[in-house]
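The structure under discussion appears below in the form of structure tokens.
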Amino acid sequence: MAQRLRRYWRSLRCFWATSLEAELEYQLNLVIELLAVLGNLAGSLFVLVLLAGPTGELGGWSWNSALVVLGIYTLLDGFTSCVLQPNLSKIVSHVQNGTLDFVLLKPIDSQFWLSTRSFSPWGLPGMVAGLALIGWALVQNGTVLSAGGLALAVALLVAGGLILYSLWFLLAGLSMWFVKVWNATEVLRYTLVAGRYPISAYPPALRVVFTLVLPVAFLTTVPAEALLGRASAAWALGSLAAAAICLVGTRLFWQFALRHYTSASS
Amino acid sequence: MAYSGSRVEMARRKLLIPVQRAARIAAALLSSQYAYMLEYRAEIALWALSGVLPLIMLAVWQGSGGAAAAGFTPQGLGRYFLAAFVVRQFSVVWLIHVFEEDALQGKLSPQLLQPLQPLWRYLAAHVAEQATRVPFVALMLAGVFVLKPGLLWLPSPGQLLVGIVAIQAAFVLRFLLQTLVAMLCFWSERAAALDRLLLIPYLFLSGLVAPLESFPPAVRQLALWTPFPAMVSFPAKLLAGENVDVAAGFLNLTLWCAVLFPLSRLLWRAGVRRYSAMGA
């Protein structure tokens, strides 16, 4: 087991080192990406100011706590650009061109390979900006986090990341049956924009949708509550359970999908 | 007598033949592109679905303190964002992503040999895609109607007509603006990344995520100096039946197009001279 883990770790380092080298070819992209992150952040803050209005509140959340939610959204968006988008959007073309055969023949878990093969450094500015915004908002809010609270918040953030990964993987994996859904992940990306604001800012019916159907609530609102030191046990447990179910679900889904894979031209 | 008659005939032909030729080309391009887009209707349905942003923003705005402070009525807000949703659906431009691929892989070469400016083909593809979108957008509007019957309204025929013309004008303006950036594909391998930058002011200054009336006066003035409010805010307000200066809005759209069109022609000419057709 330990040896296996070491082998996967070594592969991961190789994967990311090579993709980093390939991506650094395009250095102008860094400037563009920095500008894009800053521009997007400024725009989001501006819209948040407009939404909050003179009361400075959104859905019962104070200005600073709403900023924490926005920070987590920015962080997760950066994570998406770094890992999810460069890897999972390629599954479709692997299925379409039949190159998935080569992946399946490798002596490594195919889900692992498909999920981690590439790494795009262009999401990093977003992740840094998100962390900075979270930190700044917490200091402004005067929140003092205990070690336990911080651990819970980090666990919930990781759970959010895993749920996000599962959603992406599920949609990308659907290409096994429907080759033409390559842009389904784009739909996901555009609807997850809803996570920029605390879930209570939405009408009640949408809150249900954003919790059960498209779990935006678990991605940003629940970790933000933990960071602000007001996590509720029910939501925290729900988030962790959802992450576990999603992760096991993608595994089962992938095994099921592989059984239906017939390769291109056959 | 017969002589002068044939002269009239010749003059008539001189005038008519180019028009007929343009009409034939347009019909051929549009019908072939429409058939092509119909083949990809599942994909287009998903693209249509990815345009839900104005509806999400409507949900947030409705319960926010900012809407009450800016003096929006729930009905006005609902109509504005629903109209913005429709405007966005029919003014989507993805030229740069296709063009980047075509320029990089040399697919542009055969098109350059044809006696037709290749950009017309892309324009026809966009128009055909809009036509394919119609049923999906209608379906989504029907969904909105089922969930919230009070939100939907029927604009008067005049309003609808002016609104559609404004949407198409906004589409042309967006197409021209993206053409400018797409021409950079001749110089850079990753010009599409630049489109991300162009998307930011479009998102925040056009009125797609917040009505311009909610902006602080200084920011609103700044936004109105850019072409972006003409792309969403103006057509959306027309459709929603709000009070807008129709003549000034169209003049604004025309002026921006008049500025961008010659620029894009210049860049195209300079770019094609640089184009080396990958693999040739």
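For chain B, the 222 nm mean residue ellipticity estimated from helices alone, with every DSSP H stretch of n ≥ 4 adding -39500 (n - 2.57) and the total spread over all residues, rounds to -25000 deg cm²/dmol. Mean per-residue shielding of peptide B:215-223 is 1, counting Cβ atoms of other chains within 10 Å of each Cβ.
Mind checking the angle between helix A:63-79 and chain A's longest principal axis? C-alpha axes, 0 to 90 degrees, to the nearest 10. Approximately 10 degrees, to the nearest ten. Our summary gives segment A:2-259 a relative contact order of 26 percent, counting only alpha carbon pairs under 8 angstrom and 6 or more residues apart. Across B:Ala240, B:Ala84, B:Ala138, mean-square fluctuation computed from a Gaussian network of chain B (C-alpha pairs under 10 Å connected) peaks at B:Ala138. Assuming charge only on the beta carbon of Lys and Arg (+1) and of Asp and Glu (-1), the dipole of chain B about its Cα centre is about 820 debye to the nearest 20.
Note on chain B: with a GNM built from Cα contacts shorter than 10 Å, the maximum mean-square fluctuation among B:Ile200, B:Ile17, B:Ile164 falls on B:Ile17.
In loop segments of segment A:1-80 as defined by DSSP, the GluC sites (Glu not before Pro) with at most 16 further C-beta atoms inside 10 Å of their C-beta are A:Glu25.
Annotation: for a label point projected 7 angstrom from Cα along Cα→Cβ of B:Ser32, residues of segment B:125-141 with backbone N closer than 19 Å are B:125-132. Against the longest alpha carbon principal axis of chain A, how many degrees, from 0 to 90 and to the nearest 10, is the axis of helix A:28-52 turned? That works out to roughly 40 degrees.
The modelled label-to-label distance between B:Thr254 and A:Lys90, using points 7 Å beyond Cα along the C-beta direction, is 5.2 nm.
Can you tally the net charge around B:Leu95? Count Lys and Arg as +1, Asp and Glu as -1, for every other residue whose Cβ sits under 13 Å from the Cβ of B:Leu95. Combined, the nearby Lys, Arg, Asp and Glu give -3. What is chain A by shape, rounded, prolate or oblate, if you read a ≥ b ≥ c off the alpha carbon gyration tensor as root eigenvalues and call it rounded for a/c under 1.5, prolate for a/b larger than b/c, and oblate otherwise? It comes out prolate by the Cα gyration axes.
The HN-Hα couplings worked out from phi for segment A:232-245 by the Karplus form 6.51 cos²θ - 1.76 cosθ + 1.60 (θ = phi - 60°) are 9, 4, 4, 5, 4, 4, x, 5, 5, 5, 4, 4, 5, 4 Hz, whole numbers, x standing for Gly and Pro. Here the simple spin-label model places points 7 Å from the Cα toward Cβ, and for B:Leu152 and B:Leu263 these points are separated by 4.0 nm. The radius of gyration of the Cα set in the protein assembly as shown, together with its Dmax, comes out at 25.7, 104 angstrom. Computed from phi, the 3J(HN,Hα) profile of segment B:210-225 under the Karplus parametrisation 6.51, -1.76, 1.60 (θ = phi - 60°) reads 8, x, 4, 5, 7, 5, x, x, 5, 5, 5, 4, 4, 4, 5, 6 Hz, with x in place of Gly and Pro. Taking other Cβ atoms within 10 Å as a rough exposure proxy, A:Asp77, B:Asp102 sort from fewest to most as B:Asp102, A:Asp77. Rounded to the nearest whole Hz, the Karplus-based 3J(HN,Hα) values (6.51 cos²θ - 1.76 cosθ + 1.60, θ = phi - 60°) of segment A:137-143 follow the sequence 5, 5, 5, 4, 6, x, 7, with x at glycine and proline. Distance from the Cα centre of segment A:130-168 to that of segment A:69-90, in angstrom? Segment A:130-168 and segment A:69-90 have Cα centres spaced 15 Å from each other. Taken about its Cα centre, segment A:2-259 carries a charge dipole of about 760 debye when Lys and Arg each add +1 at the Cβ and Asp and Glu each add -1 at the Cβ. Close lysine pairs were tallied over the protein assembly as shown: pairs 8 or more places apart or on different chains with Cα atoms under 29 Å apart number 6. Between B:Gly66, B:Gly241, B:Gly163, the GNM of chain B built on Cα springs shorter than 10 angstrom shows B:Gly66 fluctuating the most. Expressed per residue, the C-alpha convex hull volume of segment B:41-274 stands at 137 Å³.
Annotation for segment A:152-203: chymotrypsin sites (Phe, Trp or Tyr not before Pro) lying in DSSP loop with at most 14 further Cβ atoms inside 10 Å of their Cβ are A:Trp177, A:Phe178.
As a length-normalised measure over Cα pairs under 8 Å and 6 or more apart, the relative contact order of segment B:148-280 settles at 37 percent. Computed from Cα atoms, the angle from the helix A:2-23 axis to the main principal axis of chain A rounds to 80 degrees.
Considering Cα pairs under 8 angstrom that are at least six residues apart, work out the relative contact order of chain B and quote it in whole percent. Result for chain B is 27 percent.
Model label points for A:Glu21 and A:Ser200, set 7 angstrom from Cα along the Cα-to-Cβ axis, are 5.2 nm apart. Remark: the protein assembly as shown carries a charge dipole of roughly 1040 debye about the Cα centre, counting +1 on each Lys and Arg Cβ and -1 on each Asp and Glu Cβ. Of the residues A:Gly126, A:Ala137, A:Ile32, the one whose Cα sits farthest towards the positive end of the charge dipole of segment A:2-259 is A:Gly126 (charges of +1 on Lys and Arg Cβ, -1 on Asp and Glu Cβ, taken about the Cα centre). When the charge dipole of the protein assembly as shown is built from unit charges on Cβ atoms (+1 for Lys and Arg, -1 for Asp and Glu) and taken about the Cα centre, the candidate among B:Leu154, A:Gly71, B:Val19 whose Cα reaches farthest toward its positive end is B:Val19.
Peptide packing for A:210-220, B:228-238, B:179-189, B:150-160 was compared via the average number of neighbouring C-beta atoms within 10 Å per residue; ordered from the highest value, the list is B:228-238, A:210-220, B:179-189, B:150-160. Once backbone amide H atoms are built at 1.01 Å from N, A:Glu57 has no partners under 5 Å, excluding neighbours fewer than 5 places away on the same chain.
Laboratory data are not the source of any read-out in this text; all were calculated from the coordinates shown. Computed from a predicted model, the values in this text were never measured in an experiment. Glycine gets a Cβ as well: all are built from the backbone with ideal geometry, and neighbour counts include every protein chain shown.
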